Amino acid sequence: MSCAVMNTAVDHAIDYYGETFSFWEPRLPGAGIDWLRDRRRQALDRFRLARFPSPDWEKWKHVPIESITEHSYRLPNGESPPVESHRDTLEALYLSDPDAHRLVFLDGRYAPELSRPGKLPEGVIAGSLAESLSMIPADAPATETPGTKALKYHLDRYIRSPYSGFAVLNTALFADGAFIYLPAGQVIEAPVHLLFVSTFQNEAVMTLPRILIVAEENSAVDVVESFASLGENRGAPHFTNAVTELSLGQSARVNHCKLQTEATRAALHVAMLVVHQDVDSRFVSHSVSAGAEIVRNDIEATLDGEGCECTLDGLYVAGGRQYVDYCTYVDHTYPHGASTQRYKGILTDKSHGVFNGKVHVYPDAQHTDAKQRNENLLLSRDARVDTKPQLDIFADDVQCTHGATVGQIDENMVFYLRSRGIAAEEAKNLLTYGFAGEIVDRAPIAAVRTKLVDSVLPSALNRKFAGLEVGK
């Protein structure tokens, strides 16, 4: 695309989403709250400046961005198609844990008839973000609860000045999502499952899930985000533009898992996860991408206190012409912090995987222990991986390592298995699943490990690699 044509397309997008905002602003949750109205308008201004990313931007140079931005997406109006005929499909997406708190969002909006929140400890909130905003008094701030005060303080606080317009467009236009708040010392024993389901419609639709998780001092919670498609592809894409913000107080613990299994055709997925950690907090992110035609995941963590621990794990499985991209950034700002990144990719056909990870260690962050690893398995000649692990170290007493591998199935291992009476194709299948199994085993939530073994991986691998049977 020429620069002139691209600039015209960008100008059209700015005008279009400006008009969309003008129409939706008085209809969005919290429209009567001054501070939220100001943040939304500021976000729209930032979108006009940031715009959508350009292919010549370093962090986005591999992304087929034109395939995402070529459409003028309509926002869902809250009138999703009936789902009675899809009950079995939805139930297959639920976690097996009978005690899990389940919140279902259909085309970006909370669906109470499909949800099962469960009983929560005193003072804990786990529910619809729109409902939480509706409970904030517009003209009597003195009556705000600790939860609503936390919502006001933390929402849109930790996203850096963006190098793309997707996150700020979410801030300007989000209609719903989830808000999880834990007062100091509170623990949610069962996982909180947030299921976001997008339906195919007759025109391109964009959903903007917004998730805010605030864990105060010494609190703990397990959260699972799932993204899936429902219905038949009608020729128009559905675009998920999601933002998740997490704030961990001193000694708080949050395990966060994400399962992305949207349709491999006509589903587009761009997501940002940003986490801010206080002293001695523990955060684990476990992300599995096995769906969507184009996927971009930005994950940013700031270890803003001594003794923080941050673990970022991921697995991406791609076939056909799928594109999947993970871009991570970990900031070590205080001493005695530890971070570990481990991402694996399995790619076949003409799929394309990208890992772009960076660890930044500030001069005062002595005794930092940071590890970063990306491993990829290519199962076809045309599959492609671009990997770029990076370290920016400005302290002199640290232990930091990084590395990447790209390879194919080890024929010596195949020969070994065949010598034990295993057929060649089955041997390759076992090695492929074994490659993925390490990341599966690292999932911090038991119900997620079960879901991966029983359905997510068998579906993804069987679809992409003929004859592979796992989870039996």
- Can you check how the C-alpha radius of gyration of the range 392-458 compares to 2.2 N^0.38 Å, as a plain ratio? 1.61
- Item | Size of electric dipole in the range 17-130: Cβ of Lys, Arg +1 and of Asp, Glu -1, about Cα centre, debye, nearest 20 | 420
- Relative contact order (%) - the chain, alpha-carbon pairs under 8 angstrom, separation at least six: 10
- Rounded to the nearest 5, what % of the DSSP beta bridges within the chain are antiparallel ones? 5
- Message: Roughly how far apart, in whole Å, are the Cα centres of the range 95-137 and the range 406-442?
- Response: 41
- Message: Test of understanding: express the Cα radius of gyration of the range 241-400 as a ratio to 2.2 N^0.38 Å, with N the residue count.
- Response: 1.07
- Where labels lie 7 Å past Cα in the beta-carbon direction, separation of Asp11 and Asp386 in nm: 2.9
- Over the range 310-418, volume per residue of the alpha carbon convex hull, in Å³: 102
- Item | Whole-angstrom Cα spans of the chain along principal axes, big to small | 76, 54, 51
- Task: Take Met413, Met272 and sort them by solvent-accessible surface of the protein heavy atoms, 1.4 Å probe, largest at the top.
- Result: Met413, Met272
- Between Asp88 and Arg27, what length in nm is gained on full extension when 0.36 nm per residue of separation is reduced by their alpha carbon distance? 18.6 nm
- Item | Most positive-pole-ward Cα, Leu151, Ala236, Phe174, against dipole of the range 144-300 from beta carbon charges | Ala236
- Ordered by packing density, taken as the mean number of other Cβ atoms within 10 Å over each peptide's residues, highest first, how do 286-292, 264-270 rank? 286-292, 264-270
- Message: If you scale each eigenvalue of the Cα gyration tensor by 5 and take the root, what three semi-axes come out for the range 344-472, rounded to whole angstrom and sorted largest first?
- Response: 33, 17, 14
- Might you report the magnitude of the Cβ-based charge dipole of the range 100-141 about its Cα centre, with Lys and Arg at +1 and Asp and Glu at -1, to the nearest 20 debye? 220
- What is the magnitude of the charge dipole of the chain about its Cα centre, with +1 placed on the Cβ of each Lys and Arg, -1 on the Cβ of each Asp and Glu, and no other charges, expressed in debye to the nearest 20? 920
- Item | Kyte-Doolittle at least -1.0, axis length at least 20 Å by Cα - qualifying DSSP helices, the chain | 3-24, 424-441
- Note on the structure: Per 10 angstrom bin, beginning at 0 and ending with the bin that holds the maximum distance, the Cα pairs of the range 162-283 fall in percents of 13, 40, 30, 14, 4
- Message: If you count only protein heavy atoms and use a 1.4 Å probe, how large is the accessible surface of His12, to the nearest 10 Å²?
- Response: 100
- Okay, helix-only estimate at 222 nm for the chain: each DSSP H run of n ≥ 4 adds -39500 (n - 2.57), divide by all residues, round to 500 deg cm²/dmol; what do you get? -7000 deg cm²/dmol
- Item | Among 122-128, 302-308, the order from most to least packed when residues are scored by Cβ within 10 Å on average | 302-308, 122-128
- Note on the structure: Going through Lys61/Lys258; Lys119/Lys258; Lys358/Lys388; Lys344/Lys371; Lys358/Lys451 one by one, the pairs whose alpha carbons sit over 18 Å apart turn out to be Lys61/Lys258; Lys119/Lys258; Lys358/Lys451
- Taking a probe of 1.4 angstrom, what is the accessible area of His238 in Å², to the nearest 10? 10
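The values are calculated or read from the model by the stated rules, or taken from the named source; none is laboratory data. Keep in mind it's a predicted model, so treat the numbers as computed, not measured. In this analysis, Cβ positions are derived from the backbone assuming ideal geometry, glycine residues included, and neighbour counts consider all displayed protein chains. These area figures cover heavy atoms from the full protein model, side chains too; ligands, DNA and RNA do not enter into them. Shrake-Rupley method; radii C 1.70, N 1.55, O 1.52, S 1.80 Å.
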